[in-house]
1. From (1) of a type outside the set (Asp, Glu); (2) within 26 Å of Pro82 (Cβ to Cβ); (3) in contact (Cβ under 8 Å) with a residue 40 or more places away in the chain, pick out the condition that doesn't hold for Leu197.
2. Show the residue pairs that are 6+ apart or on different chains and have beta-carbon atoms under 8 Å apart, the first residue being within region 236-265 and farther than 22 Å from Ile21 by Cα, the second being among the basic types (Lys, Arg).
3. I'm trying to understand the selection: among the residues of region 181-211, which are exposed (fewer than 14 other Cβ atoms within 10 Å of the Cβ), aliphatic (A, V, I, L, M) and assigned to a loop (DSSP other than H, G, I, E, B)?
4. Could you please let me know if Ile19 is surrounded by 23 or more Cβ atoms within 10 Å (Cβ to Cβ) and modelled with pLDDT of 95 or more?
5. Do we find that Ile224 is at pLDDT 95 or above and either out of contact with any strand residue (DSSP E or B) (no Cβ under 9 Å at 6 or more places or on another chain) or aliphatic (A, V, I, L, M) (or both) in this structure?
6. Give region 164-180 a look and list any residue that's at pLDDT 95 or above and surrounded by 15 or more Cβ atoms within 10 Å (Cβ to Cβ), or say none.
7. I'd like to verify a number: residues in region 133-163 that are among the β-branched types (Val, Ile, Thr), buried (at least 17 other Cβ atoms within 10 Å of the Cβ) and not in a helix (DSSP H, G or I), how many?
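The values are calculated or read from the model by the stated rules, or taken from the named source; none is laboratory data. Since the model is a prediction, treat every value here as computed from it, not as a measurement. Backbone-built Cβ (ideal geometry, glycine too); neighbour counts: all protein chains shown.
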Amino acid sequence: MDIRVFVEPQLGATTRDQIAIATATEALGFDGFFRSDHFLTMGDRDGLPGPTDSWVSLAAVAMATSRIRIGTLVSSATFRHPSLLAIQVAQVDELSGGRVELGLGTGWFEAEHTAYGFPFPAKRFGPFEEQLEIITGLWGTPLGETYSFTGEHFQLHDAPALPKPTQAHVPIIVGGSGPARTPAIAARFADEYNGFLAEPAELRARFDRVDAACGAVGRDPLEIIRSIAITIVAGDSPAQIADTIAPLADLGVSRIYLQLMDLRDLDHLERIAAEVLPTVG
């Protein structure tokens with residue numbers, strides 16, 4: 001089982017805080033460091049000192065680490081034009097030596113869009129699907145050729161399709177529990193399908209929908225990694241975490257994101273590494 005660390009910096013963390021937990025993540029033997037992409041805190045957290053841009057922070061993390069995979073879980077398609085996002089991700093991939101993965105979603109937190117003036121269209125799957133087509137199209141265009149796209153939401157005309165990522169293929173993560181559009185988009189673009197922990201029957205139904213969507217487009221569903229995010233709070237013991245993870249393998253889950261709610265609690269992370277990784281890693 002691949003075990004990664006997932007954090008929510010908008011709840012209150014600097015870029016230096018993120019570097020500290022990413023370097024600890026690598027030193028302790030976890031497989032990756034991933035972060036959310038939000039600009040407004042949630043719940044009763046004050047969010048101080050304020051939000052950080054996910055790809056700026058990940059550029060710093062890329063320079064401070066050498067082994068772990070890094071990326072977003074997930075970037076909101078509403079925040080960045082796909083051409084800009086393709087450039088940003090390619091740059092961070094170069095800085096990391098080819099360790100980046102792009103998690104991308106439709107965006108869901110309307111309050112942060114209102115607060116900062118980001119558009120929040122009622123129908124977001126159309127722009128989301130076009131974003132994935134443009135990003136992968138830009139990366140996949142041969143050197144020396146240009147890329148054009150004419151869609152309902154975006155138009156590109158003879159884009160140079162540069163820079164290229166260091167990896168031949170940047171893994172794409174698509175997540176969500178929607179019953180129709182999400183599985184269809186995952187079948188078309190995703191290397192990994194992610195969701196939060198739920199009852200086994202619900203997880204099985206989600207995965208079955210992705211399998212069916214793959215069949216509809218002639219893709220082998222085994223090409224798509226199944227992953228689950230599990231929220232970890234201070235009171236969760238390593239034994240509880242291991243017990244939560246263990247049965248997920250029977251559902252086809254091969255990757256876990258441990259969502260740490262306190263980025264500064266490195267002692268808890270050390271206990272998880274010492275007691276959980278040997279049993280499920």
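1. Of (1) of a type outside the set (Asp, Glu); (2) within 26 Å of Pro82 (Cβ to Cβ); (3) in contact (Cβ under 8 Å) with a residue 40 or more places away in the chain, only one is false for Leu197: (2).
2. Leu251/Arg204; Leu251/Arg226; Gly252/Arg226; Val253/Arg226; Ser254/Arg226
3. Ala198
4. So Ile19 does not fit the description; no.
5. When the stated conditions are applied, Ile224 passes them.
6. Lys164, Pro165, Thr166, Gln167, Val170, Pro171, Ile172, Ile173, Val174
7. The total comes to 1.
So that you can scan it fast, the table gives a plain yes or no per residue for (1) among the aliphatic types (A, V, I, L, M); (2) within 21 Å of Phe79 (Cα to Cα):
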site	(1), (2)
Gly151	no, yes
Arg181	no, yes
Ala186	yes, yes
Glu192	no, no
Leu197	yes, no
Ala205	yes, no
Ala229	yes, no
